[in-house]
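Here, each number is a calculation from the coordinates, and none is a lab measurement. Note that the structure is a prediction, hence the values are computed from the model and not measured. Glycine gets a Cβ as well: all are built from the backbone with ideal geometry, and neighbour counts include every protein chain shown.
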Amino acid sequence: MPVVAGADCHRDTHTIVVIDGVGKVLSSFSIPASAEGYRLAISEARKLAVESWGLEGTGAYGRAFAQALLQASFTVFEVPGIMTKRHRKHASRHGKSDELDARAIGEVVLRESDRLPRFREFAEQEALRLRYDQRDRLVRERTMVINRLRSAALRLALPGIPSDLTSDSSVDKLRETALPFRADGLVEDVIADEIRFGIETLQRLNAEIRRLEHLIGPFVKRLAPELLELRGVSLVTAAGLVGHTGDVANLRNADAFAMRSAAAPVPWSSGRNQSVRLNTGGDRQLNRLLHTIALTQIRSVGHQGRQYYQRKLAAGMTPRSAIRALKRHLATVVFYRLRLCQNRVEAGMLVAAA
């Protein structure tokens, strides 16, 4: 009979409940969120013959504990909060507490482990995701700065504002236009000062974005050169795909990846009415990246992606529906390339370890 443990992880303490194959509680205890606490939990788990663990929050408060469990050769599953809530709702005891949450997490592992992602940390993948997200935040911040600059320049009627302010040469041109400007009034003086501050901010953001792109390049070329062969996949796009997909082994097939990236429609049928709806869930970054690839391929004359899109239009689809169909097709292509990349990296790690 399998024995599993569920852990509800918080900043200072982790509450752990161990249950057997029929859901009977064998042990319940709390540990401090520290190396000593992790050793106590591992020791108790071995006494009770625990086979696998479920943790809620392996990307936050439970990360260090999950790493300690992996080093102790346990199987660790990441349990989403929505699944914990569902099992707690149907428990015989109502209410909410750390112990009830930990028990619900254990029951999720016991009954739905085939649907749960395993916690297997690949340092390079995680680093790539963090770099990509950092760059994405800076790009959004840069866009806001550019919009403020254009608005301020419009109020001052500054001539010759470059259409693209993401390069050093265009920012220098804006500086040459803005610095000699002399305000005639109090309001104009404040706006001119804001433009000067925006130019300095823009230069800093451009430099930081270039630095991150320079750091991302070697990671992508080593981890996913196969992705770069696809039309529309740049170094940054590939970084986002690898980082936000995570461990490909947690995805059963290409359909699971399509659902995770919200590229697969959601069935919405009843009786004779057979229909689907737009998937508004999933990882929105993955969906955005697939959309970027699709738009690039549509604009590429003679490319298979453009031909696929045109066939869907000829079949009566609207442009939006045709793009969604292309994204669903691209999800399958990207999944198999991601799996090929990860298999190659893991094989290299095994050879290096041998």
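With a/c under 1.5 counting as rounded, go ahead and sort the chain into rounded, prolate or oblate using the C-alpha gyration tensor (a ≥ b ≥ c being the square roots of the eigenvalues; past the cut-off, prolate if a/b is larger than b/c, else oblate).
prolate
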Give me the aspartates and glutamates in straight-line cross-link reach of residue 89: C-alpha distance below 15 Å, same-chain residues under 8 apart excluded.
98, 99, 101, 107
List the lysines whose Cα sits under 17 Å from the Cα of residue 327, skipping any in the same chain fewer than 8 residues away.
312
Looking only at 280, 177, 332, which one moves most when the chain is put into a Gaussian network model with springs between Cα atoms under 10 Å?
177
Starting from the Cα-Cα distance between residue 266 and residue 184, subtract it from 0.36 nm times their residue separation and give me the gain in nm to one decimal.
23.6 nm
Cα Rg, Dmax (largest Cα-Cα span) when computed across the stretch 4-115, Å
12.4, 35
Post the alpha-carbon centroid distance, the stretch 113-159 to the stretch 1-78, in whole angstrom.
34
What distance in nm lies between label points placed 7 Å from Cα along the C-beta direction at residue 25 and residue 113?
2.2
Candidate lysines - alpha carbon under 29 Å from residue 96, same-chain residues fewer than 8 apart omitted:
24, 47, 85
FRET efficiency estimate (nearest 0.05) - Cβ-Cβ, residue 34 to residue 96, R0 30 angstrom
0.75
Estimated translational D of the stretch 123-223 in µm²/s (Stokes, Kirkwood radius over Cα pairs; 37 °C; 0.692 mPa s)
219
Could you compute the FRET efficiency for residue 164 and residue 229, with r as their C-beta to C-beta distance and R0 at 41 Å, rounded to 0.05?
0.90
Under the helix-only model (-39500 (n - 2.57) for each DSSP H run of 4 or more, divided by the residues of the chain), the mean residue ellipticity at 222 nm, to 500 deg cm²/dmol, is -20000 deg cm²/dmol
Under a plain spin-label model, where a point goes 7 Å from the Cα along Cα-to-Cβ, how far apart in nm are residue 346 and residue 222?
2.0
Please build a GNM for the chain, connecting alpha carbons under 10 Å apart, and tell me which residue among 83, 259, 144 fluctuates the most.
144
Report, please, the projected area of the stretch 156-276 averaged over directions, based on the convex hull of its C-alpha atoms, in nm².
13.9
Per the 1/(1 + (r/R0)^6) rule, R0 = 45 Å and r from the Cβ atoms of residue 336 and residue 44, FRET efficiency to 0.05 is 0.60
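I'm checking a number: the convex hull volume of the Cα atoms of the stretch 1-63, normalised per residue, in Å³. What is it? Before the final figure, lay out each step's value.
Details: hull volume 4.3 nm³, N = 63.
Dividing the Cα hull volume of the stretch 1-63 by its residue count gives 69 Å³.
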When 191, 19, 82 are ordered from fewest to most other Cβ atoms inside 10 Å of their Cβ, what list results?
82, 191, 19
Which one of 265, 180, 32 has the biggest mean-square fluctuation once the chain is modelled by GNM with Cα springs under 10 Å?
180
How high is the relative contact order of the chain? Use alpha-carbon pairs under 8 Å, at least six apart in sequence, and give a whole percent.
12
